[in-house]
Amino acid sequence: MIKRIAVMTTGGDAPGMNAAIRGVVRTAIGFGMEVYGIEEGYSGLLQNMFKKMESYSVSNIVNKGGTILRTVRSKDFKNPEKRKEAYAYLKKNLIDGLVVIGGDGSRMGAYTITKETGMPTVFIPASIDNDVYGTDYTIGFDTAVNVALDAIDKIRDTAASHERVFIVEVMGREHGFLTLECGITGGAEIILLPEFKKDFNIEKISNFLQSGIRRGKNSSIIVMAEGLGSGIEFAAKLEKKMGFEVRCSVLGYIQRGGTPTARSRKLGLSFGYNAVKLIKSMKKGESKMVGIQGEKVVIHDMKKVTGKEREIDKGAYEMNKIFSL
Ligand code: F6P
């Protein structure tokens, strides 16, 4: 039976990660296990940055954005020689199970640890991008949607007053899940996603906006994913082509910060609880992930989910085209 676990956060921070740390630490203590926090993710693992967590270590954090364990995107962990050093630290600290909280890249790291050392690992999906296969939602996505939505609502006021087209650039280098969600709920006229590159066509976009003007529309909001390039540059090109004012707001890192919503906290707490419940009786060589499908927490074997890509909801994307006519 697993007696001493470690927990870390890696990749981009996401609001609700602290709730997940709290869920892991309090559950482990409740089950009579010892729990260590590894600061700065895989990078901290390579530098033996372990610290014993007590119940009070996670007091007053459920409401806080960011991660108290901090996070780093580690390049060194991709190096097999370096990984051997990390494994030596896991051994030295007598860790017999590891919980990794992070995005898709973090999942690969956890699975690799199990494959190379046999250590049981559980992966908890947390990312504002919601781009993890095997779960309907990642920790932090709901908060980021609401932060972006609040910004879009404010931009709509000034867009309508000045009769301007606004481009709102939303985070997401590779995937448009976040952009799609806040584009639909923010009532965007146009949503531009890396998954539907053919629609990112200035001719098409300008024709669509012109037809809106003919129908009496005096302002429009375009929500565009970061992965398609610079919103500022696109705004300048569109302004030149259409001959009227186009402005851009890049939402950037504000989407990763702030107070987690109730949904993000609940997801963090219940993923943390379920991860520890699971790892308690896991065997050497096992690697799993927790996720949510519908309202239910689900468990997946990492072998079946790692490396798979989550698909964007094409139906929702098409639906928004109807709303913006
Ligand atoms: O955490 C996800 C994310 O915010 C993406 O939406 C974004 O493309 C990326 O991280 C930015 O990464 P970095 O923090 O390395 O600038």
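So the values come out like this:
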{"read-out": "Interatomic Cα distance distribution for the range 144-257, bins of 10 angstrom, percent", "value": "15, 52, 30, 3"}
{"read-out": "Reference-scaled alpha-carbon Rg (2.2 N^0.38 Å with N residues) for the range 222-325", "value": "1.61"}
{"read-out": "For the chain: accessible area per residue (Å², 1.4 Å)", "value": "45"}
{"read-out": "Relative contact order [Cα under 8 Å, 6+ residues apart], the range 270-325, whole percent", "value": "23"}
{"read-out": "Greater than 26 Å apart at Cα, pairs in 92/304; 91/283; 64/92; 296/321", "value": "92/304; 64/92; 296/321"}
{"read-out": "Heavy-atom accessible area ranking, 1.4 Å probe, most first, across 147, 99", "value": "147, 99"}
{"read-out": "Most mobile of 88, 126, 20 in a GNM of the chain (Cα contacts under 10 Å)", "value": "88"}
{"read-out": "Fraction of accessible area attributable to carbon and sulfur, the range 1-128 (%, probe 1.4 Å)", "value": "50"}
{"read-out": "Rg(Cα)/(2.2 N^0.38 Å) for the range 53-95, N = residue count", "value": "1.59"}
{"read-out": "Alpha carbon centroid spacing (whole Å) that separates the range 132-184 from the range 35-86", "value": "29"}
{"read-out": "Within the range 236-325: Cβ-based charge dipole about Cα centre, in debye rounded to nearest 20 (Lys, Arg +1; Asp, Glu -1)", "value": "400"}
{"read-out": "Max mean-square fluctuation residue, GNM over the chain, Cα-Cα springs under 10 Å, options 138, 117, 306", "value": "117"}
{"read-out": "Selected from 176, 235, 213, residue furthest toward positive end of dipole (the range 144-257; charges at beta carbon)", "value": "213"}
{"read-out": "Ellipticity estimate at 222 nm from DSSP helix runs (n ≥ 4, -39,500 (n - 2.57)) divided over the chain, nearest 500", "value": "-13000 deg cm²/dmol"}
{"read-out": "Which listed pairs, of 51/303; 78/280; 82/115, have C-alpha distances above 25 Å, in listed order", "value": "51/303; 78/280"}
{"read-out": "Nearby aspartates and glutamates by direct alpha-carbon distance to residue 284 (threshold 17 angstrom, same-chain neighbours under 8 apart not counted)", "value": "96, 116, 301"}
{"read-out": "Heavy-atom accessible area ranking, 1.4 Å probe, most first, across 81, 245", "value": "81, 245"}
{"read-out": "Positive dipole terminus of the chain, leading residue within 312, 188, 134 (C-beta point charges)", "value": "134"}
{"read-out": "Viscosity 0.890 mPa s, temperature 25 °C, Stokes-Einstein D of the chain from Kirkwood C-alpha radius, µm²/s", "value": "119"}
{"read-out": "Added length on full extension, which subtracts the Cα-Cα distance from 0.36 nm per residue, residue 136 to residue 254", "value": "40.2 nm"}
{"read-out": "Accessible surface of residue 191 - all protein chains present, 1.4 Å probe, nearest 10 Å²", "value": "10"}
{"read-out": "Carbon and sulfur %, accessible surface of the range 144-257 computed with the full protein complex present, 1.4 Å", "value": "50"}
{"read-out": "For the range 144-257: lysine pairs under 18 Å (alpha-carbon distance), excluding those fewer than 8 apart on one chain", "value": "6"}
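The values are calculated or read from the model by the stated rules, or taken from the named source; none is laboratory data. Worth saying up front: this structure is predicted, and the values here are computed from it rather than measured. With ideal geometry, Cβ positions are generated from the backbone for all residues, glycine too; neighbour counts draw on all protein chains shown. Note: areas computed on protein heavy atoms with side chains; ligands, DNA, RNA excluded. Shrake-Rupley method; radii C 1.70, N 1.55, O 1.52, S 1.80 Å.
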